[in-house]
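Reading through the structure tokens given below for one structure.
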Amino acid sequence: MKVDWTKYVLALVITVAIFYTAYYVATRIDATRIADIRTAQQNISIDLLSTQIQFELLGSLDCQAIKENPVLTSQLNTIADRLAYAENSLGKDNAEVIQLKKQYSLLEIKDYLLMEQISQKCKTKTVSVLYFYSNNGDCASCTRSAEVLTYLRQTYPDLRVYSFDYNLDLSALKTLISLRKVDGPFPAIIINNRDPVYGFRNLEEMQALIPELKNLASTTAATSTKQR
């Protein structure tokens, strides 16, 4: 029986064409995604530098001027969102992501200390939450805890939430951990410098842990749902 090689050759050509088309499209998508990530990283670096300069400016203002100038909450939250995008895209072990996390953690600590100084200087009351999580596979509920805190942060714009990777190799962070006596299990939460609270807390439990929320103006978090 005579074999019709034309059909086989045509099938091979079509298969190769489909493969290379798919490969080309996937490559273009990956290149676009990488370009977006690099742009986000550049934006984070610029935001970090800008925020650091703002720290210096705010530290020299009097109390009235500070009241008229909101203190960095939105900037830090924007950086946090961009950093989360970079971490999800490149991975938590990526060297550039780790470097950005270190810079961001330093800014968070600086903001925390600045707010403590402003609180004493201007006799104002701030509500702060130090949130310590772990990416080492030993914190199954850290994602849910972060969602609860994100909801509260969006609902109460004046609530200051500082998130720290407990295992980040950063001397300033290790000092903060030592001073606040944080060890685990995670997640660990410190509210207004009180003793650490360990383990997952749903929204109602978290609100009970932060009675100061009653003194903060609230807004509707349109894109969040309550975590129970």
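The values are calculated or read from the model by the stated rules, or taken from the named source; none is laboratory data. In this text, all values refer to a predicted model and were calculated from it rather than measured experimentally. Cβ atoms come from the backbone with ideal geometry, glycine included; neighbour counts cover every protein chain shown.
Here are the numbers for this structure:
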quantity: Of all residues in segment 148-191 being under 19 Å from Tyr112 (Cβ atoms) and β-branched (Val, Ile, Thr), the one that is surrounded by the fewest Cβ atoms within 10 Å (Cβ to Cβ); calculated: Thr175
quantity: Which listed residue is among the small types (Gly, Ala, Ser), under 26 Å from Thr78 (Cβ atoms) and surrounded by 20 or more Cβ atoms within 10 Å (Cβ to Cβ), from Ser134, Ser145; calculated: Ser145
quantity: Residue list for segment 69-84, filter: in contact with a strand residue (DSSP E or B) (Cβ under 8 Å, 6 or more places away or on another chain) and at pLDDT 75 or above; calculated: Ala80
quantity: Odd one out for Glu116 among (1) in the same structural domain as Lys214 (by TED's automatic domain parsing); (2) exposed (fewer than 15 other Cβ atoms within 10 Å of the Cβ); (3) not polar (S, T, N, Q); calculated: (1)
quantity: Hits in segment 193-209 (condition: out of contact with any Ser or Thr (no Cβ under 6 Å at 6 or more places or on another chain) and part of a loop (DSSP other than H, G, I, E, B)); calculated: Asn193, Arg194, Asp195, Pro196, Gly199, Arg201, Asn202
quantity: Subset of segment 144-185 (residues that are part of a loop (DSSP other than H, G, I, E, B) and under 16 Å from Lys101 (Cβ atoms)); calculated: Tyr166, Asn167, Leu168, Asp169, Leu170
quantity: Condition broken by Phe132, with the remaining ones in (1) touching a residue at least 40 places away in the same chain (Cβ under 8 Å); (2) of a type outside the set (Val, Ile, Thr); (3) not assigned by TED's automatic domain parsing to the domain that holds Ile189 satisfied; calculated: (3)
quantity: Residue check for Leu149: touching a residue at least 24 places away in the same chain (Cβ under 8 Å) and either in the same structural domain as Ala188 (by TED's automatic domain parsing) or of a type in the set (S, T, N, Q) (or both); calculated: yes
quantity: Residue list for segment 126-165, filter: under 13 Å from Tyr198 (Cα atoms) and of a type in the set (Ser, Thr, Tyr); calculated: Tyr131, Tyr133, Ser134, Ser141, Ser145
quantity: Residues located in segment 75-125, provided they are among the hydroxyl-bearing types (Ser, Thr, Tyr) and under 19 Å from Phe164 (Cβ atoms); calculated: Thr78, Tyr85, Tyr104, Ser105, Tyr112
quantity: Selection from segment 94-143 of residues that are touching a Cys at 6+ places or on another chain (Cβ under 6 Å) and part of a helix (DSSP H, G or I); calculated: Cys122
quantity: Near pairs, Cβ below 7 angstrom, 6+ apart or cross-chain, from segment 173-198 (under 20 Å from Val127 (Cβ atoms)) to any residue that is assigned to a strand (DSSP E or B) and among the aromatic types (Phe, Trp, Tyr); calculated: Val182/Phe132; Pro187/Tyr131; Pro187/Phe132; Pro187/Tyr133; Ala188/Phe132; Ala188/Tyr198; Ile189/Tyr131
